[in-house]
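Derivation of every value follows stated rules applied to the coordinates shown; laboratory data play no part. For clarity, every value in this text was computed on a predicted model and none was experimentally measured. Using ideal geometry, Cβ is built from the backbone for each residue, glycine included, and neighbour counts are taken over all protein chains shown.
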Amino acid sequence: MIKRHIISTGLCVALMNLPMAALAQEKIVHLDISGMTCAVCPITIRHYVLNMKGVHDASIDLKTATALVSYDDQKQSSQKISQSITKLGYPTTISKGE
């Protein structure tokens, strides 16, 4: 079992119980999300993102208007994740340095 914590901008994503092959392809994208107005918005976004092919985990923070999404880069891309959240109604950009 592998446990890895990634801490950035106050958010933490735990990647647990993933096979070694999955970790080799694991990527994390940091996103800036606009338009979240209530506590339901992050829940809606997280549910939507977790249903995307290749996404392993997502942490959405209303207070900082940011997200961390872990995904398999063989099945998904950071651009597609960002575009999908934008199409959901929350303008999203990939954080600088990504």
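Summary table
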read-out: Under Karplus coefficients 6.51, -1.76 and 1.60, residue-wise ³J(HN,Hα) of segment 71-83 in Hz, glycine/proline x; value: 8, 8, 6, 8, 10, 8, 10, 5, 5, 5, 5, 4, 5
read-out: Set of aspartates and glutamates with alpha-carbon distance to residue 53 below 18 Å, sequence-local pairs under 8 removed; value: 26, 72, 73
read-out: Sites residue 96 and residue 51, calculated FRET efficiency, Cβ-Cβ separation with R0 25 Å, nearest 0.05; value: 0.35
read-out: Segment 53-98: C-alpha gyration tensor shape, a/c 1.5 cut-off, then a/b vs b/c; value: prolate
read-out: Reachable lysines, given that their alpha-carbon falls under 24 Å from the alpha-carbon of residue 96 and they are not under 8 places away in the same chain; value: 27, 63, 75, 80, 87
read-out: Positive-end residue, segment 32-98 charge dipole about Cα centroid, Cβ charges, pick of 44, 55, 68; value: 44
read-out: Theoretical FRET efficiency, 1/(1+(r/R0)^6), r = Cβ-Cβ of residue 75 and residue 44, R0 25 Å, to 0.05; value: 0.65
